[in-house]
Structures are given as structure tokens and as C-alpha cells.
1. Check whether at least one residue in segment 75-87 is within 29 Å of GLU113 (Cα to Cα), among the acidic types (Asp, Glu) and surrounded by 13 or more Cβ atoms within 10 Å (Cβ to Cβ), and report yes or no.
2. Which is away from the ligand (no atom under 16 Å from the Cβ), modelled with pLDDT under 95, surrounded by fewer than 17 Cβ atoms within 10 Å (Cβ to Cβ) and assigned by TED's automatic domain parsing to the domain that holds LEU110, of ARG71, ARG54?
3. Based on this model, can you work out whether LYS5 counts as surrounded by fewer than 16 Cβ atoms within 10 Å (Cβ to Cβ) and at positive phi?
4. State all residues of segment 60-95 that are among the polar types (S, T, N, Q) and either at positive phi or within 11 Å of the chain's Cα centre (by Cα) (or both); if no residue qualifies, say none.
5. Report whether or not ILE99 is of a type in the set (A, V, I, L, M) and either surrounded by 15 or more Cβ atoms within 10 Å (Cβ to Cβ) or modelled with pLDDT of 90 or more (or both).
6. Residues that are out of contact with any helix residue (DSSP H, G or I) (no Cβ under 9 Å at 6 or more places or on another chain) and closer than 19 Å to THR34 by Cα, at least 3 per element: which strands (runs of 3 or more DSSP E) completely within segment 47-90 meet that?
7. Output the qualifying pairs, or none if there are none: Cβ atoms under 6 angstrom, residues six or more apart or on different chains, first residue in segment 87-112 and assigned by TED's automatic domain parsing to the domain that holds SER24 and within 14 Å of LEU59 (Cα to Cα), second residue among the charged types (D, E, K, R) and surrounded by fewer than 17 Cβ atoms within 10 Å (Cβ to Cβ).
Amino acid sequence: MAKRKDLLLIGAALLAALILFLISRYMGRGNVSTVVARVKGEVVLTKPLLTDGRYEIPLPDGETNIIRVERGVVWMEEANCRDGLCIGQGKMRNRAKSIVCLPHNLVITLEGETPASEDDDIDVIIY
Ligand SMILES: [Zn+2]
């Protein structure tokens, strides 16, 4: 009898793990439409994910980071920060990931559910 109970417990644990896995997968893969860059929490750039582009982000201290968007994939192409970790974070295509440049206080995320409209197209703010 004890054995059967154990099997049931293992089965329930596996099922719970599977459900959690599916949920996290679903959340991570939710449709995203917009590339958003923030410097110190302020939005400085929003661009449609499905439009290829290369965006310079001027930073308050005179530094510049360059974000690339190509075929629905986003990455940090250039950055003159000390550590270069943001470039090392590679490419992202869904909201499960974000790219962070700590020395420059810059965070890139993917947001939105529907294709971005023209109104969302804020250009880079010049400091
Ligand atoms: Zn960096």
C-alpha cells in the first residue's frame, strides 16, 4: 500500500512540474511586438520588433550603446561600457529574457501583445 502511495506522490509531483514548465514556456513565448530600451528606468526608445534596425542609444555621460533588431531578434551590437557584459548576453526574441548594461543603466526588454502602432514609435531622446 505504501508503495502505491509513493507512486501517486511521484506522479503528482511530475504532473505539477510539467504544468509549471508549460506555463513558463507559454509566458516566455507570448507574442511580443515592441523593443523597449530604458535608461535609469526612463523609456528612451520603442521600436517595432518586426522592423529591422540599428539604433544608437545616447547615454547621459556621453557614451553610446547600439541596439540591433533583425528578423525578430534583438541584441546589443556595440557598447563602450567597461565590462561589455551586455554584448555577451547575446540575442533575445521573447520576454523571458532582457539585456542589461549595468554600467550604463540601460535595460532592453520586449513588450506588447499586438503589432506596435505608429503612435508607439517614440524616437531616441537626446540628452
Ligand atoms: Zn554594457
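The values are calculated or read from the model by the stated rules, or taken from the named source; none is laboratory data. Here the structure is a predicted model, which means the values were calculated and not measured. So basically every Cβ, Gly included, is an ideal-geometry build from the backbone, and we count neighbours across all protein chains shown.
1. Yes, segment 75-87 contains a residue that is within 29 Å of GLU113 (Cα to Cα), among the acidic types (Asp, Glu) and surrounded by 13 or more Cβ atoms within 10 Å (Cβ to Cβ).
2. Details: ARG54 fails: modelled with pLDDT under 95.
Among ARG71, ARG54, only ARG71 is away from the ligand (no atom under 16 Å from the Cβ), modelled with pLDDT under 95, surrounded by fewer than 17 Cβ atoms within 10 Å (Cβ to Cβ) and assigned by TED's automatic domain parsing to the domain that holds LEU110.
3. Working: surrounded by fewer than 16 Cβ atoms within 10 Å (Cβ to Cβ): yes; at positive phi: no.
No; evaluated as a whole, the condition is false for this residue.
4. So the first thing to find is which residues in segment 60-95 are among the polar types (S, T, N, Q), and the list is 64-65, 80, 89, 94.
Passing the criteria: GLN89, ASN94.
5. Numbers: of a type in the set (A, V, I, L, M): yes; either surrounded by 15 or more Cβ atoms within 10 Å (Cβ to Cβ) or modelled with pLDDT of 90 or more (or both): yes.
Criteria met by ILE99.
6. On the way: elements: 53-58, 64-70, 73-79.
Correct list: 53-58, 64-70.
7. Cβ pairs passing all conditions: none.
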